[in-house]
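Taking it in order: structure first as structure tokens, then the write-up.
The values are calculated or read from the model by the stated rules, or taken from the named source; none is laboratory data. Owing to the predicted nature of the structure, the values given are computational and were not obtained by experimental measurement. Neighbour counts are summed over all protein chains in view; Cβ atoms, including those assigned to glycine, are modelled from backbone coordinates with ideal geometry. With ligands, DNA and RNA removed, areas are computed over all heavy atoms of the protein, side chains included. Shrake-Rupley method; radii C 1.70, N 1.55, O 1.52, S 1.80 Å.
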Amino acid sequence: MDLSTTSVLAAKAYKYKAESLVKEYLLADSCVSYTAVLGGILMCKMAYDITSLISSLYYKGYGSLTKTQKLEWNNRGMSTVHAMFITVMSVYLVFFSNLFSDQLGGPVTFRSSNISNFTLGVSVGYFITDMAMILWAYPSLGGMEYVLHHMLSLISIAYAMYSGEGQLYTYMVLISETTTPGINLRWFLDTAGMKKSKAYLVNGVAMFVAWLVARIILFVYLFYHIYFHYDQVKQMHTFSCILVFAVPTILLVMNTMWFAKILRGLKKTLAKRQ
């Protein structure tokens, strides 16, 4: 047996061992949640560092930002990566997979899978990281409303992941993260001195539409779905029922208040353009 053949066999052996490790331990039913949380934290670290690296290479103004501005700049890059990930997975699980289909037997409120648990775990890792950064730099990265938003999100997502209850409604709420990239882009343009650019105006209009759909209309649909599946909702544990009703209600109130600010800002921008 020549050296090249030996190397190929050794590589296949290592690959087999690695796959076995992932399947039997990291993605085992009892470990998938913990693996996902750790993966979410590592994803945040990588996204933060990559944002800093790319910005320093391709944006000349990055070096002139203050320490606090750089922290928020990189933090927003991190939140954008999470938002894109969780939006794609949430839309897939809610609307395109069969996991929460009414055509399947059993209450929809008790459905979960390894994929859904893993996705929630990644989101838990993100919210832990972002919450820690917000508290560490408070109030530079956000005031008390951000702390409240992250606490509600973290508790709801973590409980849905470990209990397996109400994951459908958790994912419906997480679809609202689709507005995060637009919010971050708006901040990037403002910080870069491009508030009067056409991109800033287009972003404002897009953010208005996305917010209306993902954070207002979708929440109304969520309560509509709860109403027609109330017999299944009430079968959940008491704490799950409290979360299903209280968290979306509080977030809808906050979303409506923020939506009013977005509307006022868009009107002001359009008035200046005219």
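The table below lists the values:
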| item | result |
| --- | --- |
| Size of charge dipole - the stretch 10-272 - debye, nearest 20, with Cβ of Lys, Arg +1 and Asp, Glu -1, no other charges | 1200 debye |
| Quotient of C-alpha Rg and 2.2 N^0.38 Å, computed over the stretch 37-145 | 1.34 |
| Charged-residue dipole, Cβ positions (Lys, Arg, Asp, Glu), the stretch 140-274 about Cα centre, Debye nearest 20 | 1020 debye |
| Dimensions (Å) - the chain, Cα atoms, principal axes, largest first | 75, 59, 32 |
| Of 60/195; 67/195; 45/67; 45/267; 45/268, those spanning more than 29 Å from alpha-carbon to alpha-carbon | 45/267; 45/268 |
| Residue among 88, 63, 249 farthest towards the positive dipole end of the chain, charges placed on Cβ | 63 |
| Sulfur and carbon atoms: percent of accessible area, the chain [1.4 Å] | 68 percent |
| Surrounding net charge for residue 254, when Lys and Arg each add one and Asp and Glu each subtract one, Cβ distance under 13 Å | +1 |
| Accessible area per residue in Å² at 1.4 Å probe, computed on the chain | 56 Å² |
| Dipole axis of the chain (+1 Lys, Arg; -1 Asp, Glu on Cβ), positive-most option in 135, 240, 192 | 192 |
| In Hz, Karplus ³J(HN,Hα) per residue of the stretch 71-88 (6.51, -1.76, 1.60; θ = phi - 60°; x = Gly, Pro) | 4, 5, 4, 5, 4, 6, x, 5, 5, 5, 4, 4, 4, 5, 4, 6, 5, 4 |
